[in-house]
Amino acid sequence: MMNVVDTIGVEIGDTTLMFGDIRGLDTDSMGNLLVLDGANCIVRVFSPEGEYLSGFGGRGSGPGELLDPLDIAVLSHGRIAVSDWDAWGVHFFDHDHVFAGFLGPMPGGAPMEIAAGPEGSVAGVGLQFWNEDGESRGEYFLACWSDSTREDFRYLEGPATVEGLETGEITIHFPDVMFDSHLQGNLCAGLSTDSTYSVQMYLPDGSVSGSISQEWERVPRDSASVGAMETEASLSGEDIPGGNLNAPGVAGVYMDGERIWIRQGTSSN
């Protein structure tokens with residue numbers, strides 16, 4: 001029986017190219033692309049030319065298996081870290097994608113986003129919440145971890161608002177924290193609020209080496225953009241909010257060697 005192949009040479013029905021929910025991307029020292037599929041709990045590895053090489057992980061609670069993976073990062077010593085929310089920690093794999101250990105359970109849960117920290121550690125955004133005097137309180141923080149569930153140190157932290165729902169669940173609100181790191185151990189973090197944004201640069205010991213801060217204000221959407229969003233909502237059948245245009249806010253922070261790139265974008269918040 002002849003296989004049916006499309007025009008770019010990929011076999012139709014090839015499940016290695018079918019993703020449920022891409023939650024994280026990173027590249028290893030060989031230039032291979034690692035793609036974290038959160039819905040299927042698997043990391044797929046592609047060559048620099050886009051050829052599928054292998055996959056690792058899989059759904060489950062055994063060693064090297066994933067429950068609800070959030071993000072992936074290649075660390076400075078070549079280890080691969082995968083943050084897993086339902087496992088309350090971080091899985092580690094060696095450069096051959098063999099399971100190399102687990103860090104957890106971590107207080108407050110696994111970091112929501114991760115990147116390479118100094119000296120092979122993992123940096124990430126974490127949350128903690130507790131009850132105090134009958135009220136729910138919380139905090140967010142950007143920290144790094146090495147061999148203990150206690151942070152080596154925190155780059156930044158601040159309060160998070162905790163709200164209870166009638167269903168018994170809670171929602172936690174905190175500023176957007178965007179960050180990136182360099183394999184030398186330097187890290188850059190951007191923090192956006194409703195009226196200001198700031199970008200801070202950190203050395204491997206966690207000390208601040210420089211910062212940028214700027215005020216901004218929300219700009220109402222014009223009638224043309226509101227009309228375009230309403231048209232998109234009617235075609236897709238989804239409720240797309242009009243809201244305001246957060247034009248000057250920080251939408252991403254990236255490090256490229258000694259350079260730092262700050263992406264400014266828009267959102268409907």
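Numbers below:
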| quantity | calculated |
| --- | --- |
| Under 5 Å, built H, 5+ apart or other chain: amide partners of Glu113 | Val125 |
| Contact order normalised by residue count of segment 61-164, Cα under 8 Å, 6+ apart, percent | 19 |
| Solvent-accessible area per residue, Å², over segment 61-148 with all protein chains present [probe radius 1.4 Å] | 41 |
| Two-site FRET efficiency, Met30 against His173, from Cβ-Cβ distance with R₀ of 51 Å, rounded to 0.05 | 0.80 |
| Peptide ranges 183-195, 203-215 listed from the most packed, as the mean C-beta count within 10 angstrom indicates | 183-195, 203-215 |
| Under-5 Å amide H pairs with Gln264, H placed in peptide plane, nonlocal only | Ala251 |
| Formal net charge of residues neighbouring Trp145 (Cβ-Cβ distance under 13 Å; K, R +1; D, E -1) | -1 |
| Size-normalised alpha-carbon gyration radius of segment 56-170, reference 2.2 N^0.38 Å | 1.13 |
| Ranked packing of 170-181, 112-123, most packed first, by mean Cβ within 10 Å | 112-123, 170-181 |
| Counted charge near Gly124, where neighbours are those whose Cβ lies closer than 10 Å (Asp, Glu -1; Lys, Arg +1) | -3 |
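The values are calculated or read from the model by the stated rules, or taken from the named source; none is laboratory data. Bear in mind that the values here come from a model prediction, so they are computed numbers and not experimental data. Using ideal geometry, Cβ is built from the backbone for each residue, glycine included, and neighbour counts are taken over all protein chains shown. SASA here: full protein model, heavy atoms, side chains in, ligands and nucleic acids out. Shrake-Rupley method; radii C 1.70, N 1.55, O 1.52, S 1.80 Å.
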